[in-house]
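Worksheet for the structure shown next.
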């Protein structure tokens, strides 16, 4: 182990002995690991004192350049803080769910008079009911297609008064109950949505019993059309429920967790058992599991999954014991409002069989994914080989950068840089640039500015020279194997000019991609290259170009919104650039500033009560 730097030794000597979280950073200031401890001093010092660390820990310690720590009052607070920090920073050496996107949920807008049902990736405290998370948004929509036939819910944007003259087409095809025309009242509609929620929770027996009673009453009242409609609804529920396997006669709610591992990745399978029936299952892939014990991987999954889950059952069955059982149970209880939650490792009986069944599913899922990944890898390798041949490159372009410009008549001009590594997006290295030196809609000059700034940062990383207060950005430290500029010959010429100015014209291959006919232009060649229409190389180029365009448009919209807010604030006497920036950064939006009280506004540096009143008057 390398000798400790004086900086790290000072930190180790001053660490407190209280519970909290520790945050390891590398030389570039990147958070590379987050951990928690009952005794910060003992835990952190153990990384630098113990022998026999596994390979992953040895690599982690080699890269630690700075340590931050946060003291809390209890082990539970440390657990919650650790989860939040891992979610925020996604450190390289922590175990984490592989996808950094938010998972989809089914959202029932219960606070609305006539609740709708939608798909969302964000849970908010807004009075809605949430179900999930799910791993596939496609599967969520498939579920909703089935549910809508059983429990017809609103999908239109009408204001429901019950007095509309005509319903929409969905009413005619029995995918809506027609509250807009008064065909069903608010209480009746909300009961349908409540049934839908119960169905998603696996509570079907009470629904069916009530519907059978309503069907009998309708038949006795000679309302045979109503009775037939209810009969069809019951049959639809029965068809779905038939596919739900009965697991236990005890009608217990539980989740069953199991795991399979291969090549440094772990696949966790989770079965959802409600009212004794298996109502669904999902799988999740975790990364960063090298050299980690099974118990540690399972514990990290539990923390990350249930921090996002819409509900927690009273019982969670596990394949093996975990060290943090008591504190995790305490945290889960806080998530359920005090309801007891047990983490159990069954050793016999039905529960053990369930864990074994989940394990078999995890193994099969990981095997299928491995085959899929290998097929995708073969396509990516084929695409890179085709680009190498088409552009006469010395090696396959394992790192590709693509730049695109977005503006509206010269306003809010931004550029995007997207990075693909080994043929797949490397989103952590995406960057966008606000155009600084160009006036008017000049895409060529904008491209020249952006590329100049990009390669200046590369040059600074080589020379170790950074602007005051700035650190090395790893996105710029390594040159691309292929540089793509969106825009054809004109943009290619500007890119070549920039590369020449940095002495990189022979080191960084560059091409220009024209929008028409997907033509590719290369330096020193008058005619374009047309990649084969159905080639993997063309598909990859198109995907990279589309991703650069999407990323540029997203940044451009944010910039336009910011400019729109700024222009309104600029019209208020006494609001200069610094006060405007504070207001926008503190409140986040023009609407939030408008809704702020005089007292809240005067919390800003330099905002007097008189100026706060002026802000309110102008915005109102």
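The values are calculated or read from the model by the stated rules, or taken from the named source; none is laboratory data. Since we're looking at a predicted model, the values are computed, not measured. We place every Cβ from the backbone using ideal geometry, glycine too, and count neighbours over all the protein chains shown.
Descriptive notes on the structure:
- Matching helices (runs of 4 or more DSSP H) fully within region 102-213 where at least 3 residues are assigned by TED's automatic domain parsing to the domain that holds residue 229 and touching a residue at least 24 places away in the same chain (Cβ under 8 Å): 137-150, 186-200
- From 246, 160, 181, residue being modelled with pLDDT of 80 or more and within 36 Å of the chain's Cα centre (by Cα): 160
Conditions (1) farther than 30 Å from residue 295 by Cα; (2) in contact (Cβ under 8 Å) with a residue 60 or more places away in the chain; (3) touching a strand residue (DSSP E or B) at 6+ places or on another chain (Cβ under 8 Å); (4) in the same structural domain as residue 529 (by TED's automatic domain parsing), marked per residue:
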residue: 334; (1), (2), (3), (4): no, yes, no, no
residue: 355; (1), (2), (3), (4): no, yes, yes, no
residue: 362; (1), (2), (3), (4): no, yes, yes, no
residue: 375; (1), (2), (3), (4): yes, no, no, no
residue: 378; (1), (2), (3), (4): yes, no, no, no
residue: 384; (1), (2), (3), (4): yes, yes, no, no
residue: 394; (1), (2), (3), (4): yes, no, no, no
residue: 406; (1), (2), (3), (4): yes, yes, yes, yes
residue: 422; (1), (2), (3), (4): yes, no, no, yes
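- Within region 521-533, residues that are in the same structural domain as residue 487 (by TED's automatic domain parsing) and closer than 13 Å to residue 495 by Cα sit with their Cβ atoms under 9 Å from residues that are in a loop (DSSP other than H, G, I, E, B) and modelled with pLDDT of 90 or more, at 6+ positions apart or across chains, in these pairs: 522/391; 522/392; 522/509; 523/509.
- Residue match in region 480-488 (condition: modelled with pLDDT of 90 or more, assigned to a loop (DSSP other than H, G, I, E, B), closer than 21 Å to residue 430 by Cα and in the same structural domain as residue 426 (by TED's automatic domain parsing)): yes
- Yes/no for residue 153 being out of contact with any helix residue (DSSP H, G or I) (no Cβ under 8 Å at 6 or more places or on another chain) and either surrounded by 15 or more Cβ atoms within 10 Å (Cβ to Cβ) or within 30 Å of residue 31 (Cβ to Cβ) (or both): no
- Per the listing 428, 453, the residue uniquely in a helix (DSSP H, G or I), at pLDDT below 90 and in the same structural domain as residue 490 (by TED's automatic domain parsing) is 428.
- Residues that are in contact with a helix residue (DSSP H, G or I) (Cβ under 8 Å, 6 or more places away or on another chain) number at least 3 in the following strands (runs of 3 or more DSSP E) confined to region 276-380: 277-287, 342-344.
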